[in-house]
Amino acid sequence: MNKQVAMVGWRGMVGSVLMQRMLDEKDFEGLDVTFFSTSQAGQPGPAMVSGAGTLVDAFDIDALAAHDVVVTCQGGDYTKDVHPRLRAMGWDGYWIDAASALRMVDNSVIVLDPVNRDVMDRALDEGIKDFIGGNCTVSLMLLAVHGLIQRGWVDWITSMTYQSASGAGAAQMKELVIQMAQIGAAAGEAAAESGAPVLEVESTVSDLLRSADLQIDQFGAPLAASLIPWIDRAMENGQTREEWKGQAELNKILNLNPELPVDGQCVRVGAMRCHSQGLTIKLKQDVPLADIEAAIRESNDWVRLVPNTKEATLQELTPAAISGRLDIGIGRLRKMTLGGDYLTAFTVGDQLLWGAAEPVRRALNIVLGR
Ligand code: HSE
């Protein structure tokens, strides 16, 4: 009998990317999938999946419990409501979740199989049933530099991030484009005139950014033509929660003991769906750059080492170039003037693919043993 899979939250942004990847990879073949909805039970399921049937109420615990696996991209509030009730009734299926709610609980695993397949396999053997997608920034960094950590070369990492609007949510992505349109409407014509004084163009833009006319309902501040050096809520030690996740999740993903120190500043920028990170990696010794390049290249099938030249960087190492692709770009790789044991690199990855949907899609296939 085919495995019974329940899908919840498949219509949102991450859910839609997951659905498309599952269709691209023909993952629906050999599965019996029931599509659930928090608001549209009884309506037809997704047309692109043959035999999708009608939508079932995503709060119907008995209906969910009839499945071997629940895959959810519905968000943390849904997880916190439904997961404990399902487990309390004795449901023993696999819960695969894109939300952060269960990431740091003891009996869950954070999934990123190209770097922690061993941790996932051990968890499966031990009967762990909760498999949770990681924070996008952490997953994208690990895919880029895991090869160095694996060889035991890394003392600590700082990551200065340039995170896209998509990480904040769908409404925020739209708000970024609305802000861009408002700026274009206010100053675009003058900017296109070759003789226009540039400082007048700039002051028109700056005045708009500081005025009440710019739409900032989602971000609380201008993002277009600006940036926001704060992501998620404050922690007591002065970090933001996004910054805190760097060390906490990286070490849980790799099951490291002692922990690898990771810290940095997380910044929202006006990219659409790619997160970038400027890394400083303190090495334990002066490892030759050629060995570092080889370790990165060999670490997984998606990492793409970009030569440290202007031409290659502009063509291959930008959010514009990587958006919509599974490639993890890493470039600007060099030893720092600080010493031979200080490495710097810049990495770019699609926040919705490897940052969110892809580890979840692959975890589903892994728990199903295929
Ligand atoms: N917290 C991330 C961000 C997104 O705000 O960009 C998901 O991990």
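For the subset of the stretch 201-228 comprising residues that are open to solvent by 50 Å² or more (accessible area, probe 1.4 Å) and among the β-branched types (V, I, T), which member is nearest to the ligand (Cβ to nearest atom)? Can you show your working first?
Residues of the stretch 201-228 that are open to solvent by 50 Å² or more (accessible area, probe 1.4 Å), as a first pass: 202, 204, 207, 210, 212-213, 215-218, 220, 225-227.
The next check asks that each one be among the β-branched types (V, I, T); those that pass are 204, 216.
Working: T204: 30, I216: 17 Å.
The residue in question is I216.
Of all residues in the stretch 276-326, which are in a strand (DSSP E or B) and hydroxyl-bearing (S, T, Y)? Don't jump to the end; show me each part of the working.
So the first thing to find is which residues in the stretch 276-326 are in a strand (DSSP E or B), and the list is 276-283, 303-305.
Of everything in the stretch 276-326, those that are in a strand (DSSP E or B) and hydroxyl-bearing (S, T, Y) turn out to be S276, T280.
Of all residues in the stretch 1-33, how many are small (G, A, S), assigned to a loop (DSSP other than H, G, I, E, B) and within 14 Å of L352 (Cα to Cα)? Step through it out loud before you land on a result.
If we filter the stretch 1-33 for residues that are small (G, A, S), which is where we start, we get 6, 9, 12, 15-16, 30.
Okay, now just the ones that are also assigned to a loop (DSSP other than H, G, I, E, B), so 9, 12, 30.
Checking which are within 14 Å of L352 (Cα to Cα) leaves us with 12.
Adding up the residues that qualify gives 1.
Select from the stretch 79-111 the residues that are among the β-branched types (V, I, T), crowded, with 18+ Cβ neighbours inside 10 Å and either under 21 Å from the mean Cα position of the chain (by Cα) or part of a loop (DSSP other than H, G, I, E, B) (or both) and list them in ascending order. Let's see the steps before the verdict.
Just the residues of the stretch 79-111 that are among the β-branched types (V, I, T), to begin with: 79, 82, 96, 105, 109-111.
The next check asks that each one be crowded, with 18+ Cβ neighbours inside 10 Å; those that pass are 79, 82, 96, 109-111.
Passing the criteria: T79, I96, V109, I110, V111.
Output the number of residues of the stretch 38-72 satisfying the condition of being surrounded by 13 or more Cβ atoms within 10 Å (Cβ to Cβ) and over 26 Å from I366 (Cβ atoms).
Here the count works out to 8.
Considering only the stretch 333-360, state which residues are under 20 Å from the mean Cα position of the chain (by Cα) and more than 16 Å from the ligand (Cβ to nearest atom).
First, the residues of the stretch 333-360 that are under 20 Å from the mean Cα position of the chain (by Cα): 345-360.
Scanning the stretch 333-360 gives A345, F346.
Could you go through the stretch 255-268 and let me know if any residue there is surrounded by fewer than 23 Cβ atoms within 10 Å (Cβ to Cβ), of a type in the set (K, R) and either closer than 30 Å to D125 by Cβ or under 20 Å from the mean Cα position of the chain (by Cα) (or both).
There is no residue in the stretch 255-268 that is surrounded by fewer than 23 Cβ atoms within 10 Å (Cβ to Cβ), of a type in the set (K, R) and either closer than 30 Å to D125 by Cβ or under 20 Å from the mean Cα position of the chain (by Cα) (or both).
List the pairs whose first member sits in the stretch 183-202 and is hydrophobic (A, V, I, L, M, F, W, C), whose second member is at pLDDT below 95 and part of a loop (DSSP other than H, G, I, E, B), and whose Cβ atoms are under 6 Å apart, counting only residues at least 6 apart or on separate chains?
Going by the 6 Å Cβ cut-off, the qualifying pairs are A190/A196.
If you scan the stretch 143-200, which residues turn out to be open to solvent by 50 Å² or more (accessible area, probe 1.4 Å), closer than 27 Å to L305 by Cβ and either part of a helix (DSSP H, G or I) or away from the ligand (no atom under 16 Å from the Cβ) (or both)?
Q150, R151, D155, W156
Do the conditions hold for L317, that is, is it farther than 28 Å from M173 by Cα, open to solvent by less than 40 Å² (accessible area, probe 1.4 Å) and either touching a His at 6+ places or on another chain (Cβ under 6 Å) or away from the ligand (no atom under 16 Å from the Cβ) (or both)?
Working: farther than 28 Å from M173 by Cα: no; open to solvent by less than 40 Å² (accessible area, probe 1.4 Å): yes; either touching a His at 6+ places or on another chain (Cβ under 6 Å) or away from the ligand (no atom under 16 Å from the Cβ) (or both): yes.
Criteria not met by L317.
Quick one: I330 ticks every box in (1) touching a helix residue (DSSP H, G or I) at 6+ places or on another chain (Cβ under 6 Å); (2) in a loop (DSSP other than H, G, I, E, B); (3) open to solvent by less than 10 Å² (accessible area, probe 1.4 Å) bar one, so which box is it?
(2)
Search the stretch 241-267 for residues that are basic (K, R) and pair each with any residue that is more than 15 Å from the ligand (Cβ to nearest atom) and at pLDDT 95 or above when their beta-carbon atoms are under 9 Å apart and the residues are at least 6 apart or on different chains.
Listed by first residue and then by second, the contacts come to K252/S108; K252/V109; K252/V119.
Among what's in the stretch 271-291 and is touching a residue at least 40 places away in the same chain (Cβ under 8 Å) and more than 22 Å from Q315 (Cβ to Cβ), pick the residue that is surrounded by the fewest Cβ atoms within 10 Å (Cβ to Cβ). It would help to see each step written out before you state the result.
First, the residues of the stretch 271-291 that are touching a residue at least 40 places away in the same chain (Cβ under 8 Å): 271-287, 289.
Next, from what is left, pick out any that are more than 22 Å from Q315 (Cβ to Cβ): 280-287.
Working: T280: 16, I281: 22, K282: 17, L283: 18, K284: 12, Q285: 8, D286: 12, V287: 18.
Per the criteria, the residue is Q285.
Restricting to the stretch 229-243, name every residue that is crowded, with 18+ Cβ neighbours inside 10 Å and either in a helix (DSSP H, G or I) or within 13 Å of the ligand (Cβ to nearest atom) (or both).
Going through the stretch 229-243, the residues crowded, with 18+ Cβ neighbours inside 10 Å turn out to be 231, 239, 242-243.
Those that are crowded, with 18+ Cβ neighbours inside 10 Å and either in a helix (DSSP H, G or I) or within 13 Å of the ligand (Cβ to nearest atom) (or both): I231, E242, E243.
Quick one: would you say P307 is under 30 Å from A234 (Cα atoms) and either more than 16 Å from the ligand (Cβ to nearest atom) or open to solvent by 40 Å² or more (accessible area, probe 1.4 Å) (or both)?
Working: under 30 Å from A234 (Cα atoms): no; either more than 16 Å from the ligand (Cβ to nearest atom) or open to solvent by 40 Å² or more (accessible area, probe 1.4 Å) (or both): yes.
No, not satisfied.
Here's a check for you: in the stretch 71-127, which residue that is touching a helix residue (DSSP H, G or I) at 6+ places or on another chain (Cβ under 9 Å) and acidic (D, E) is nearest to V303 (Cα to Cα)?
Ranking the qualifying residues of the stretch 71-127, first place goes to D113.
Which ones in the stretch 112-139 are away from the ligand (no atom under 16 Å from the Cβ), part of a loop (DSSP other than H, G, I, E, B) and in contact with a strand residue (DSSP E or B) (Cβ under 9 Å, 6 or more places away or on another chain)?
Within the stretch 112-139, I128, K129 meet the criteria.
The values are calculated or read from the model by the stated rules, or taken from the named source; none is laboratory data. Treat the numbers as computed from the prediction; the structure is a model and nothing was measured. Note: ideal-geometry Cβ built from the backbone for every residue, glycine included; neighbour counts use all protein chains shown. Keep in mind that these areas ignore ligands, DNA and RNA; they rest on the heavy atoms of the full protein, side chains included. Shrake-Rupley method; radii C 1.70, N 1.55, O 1.52, S 1.80 Å.
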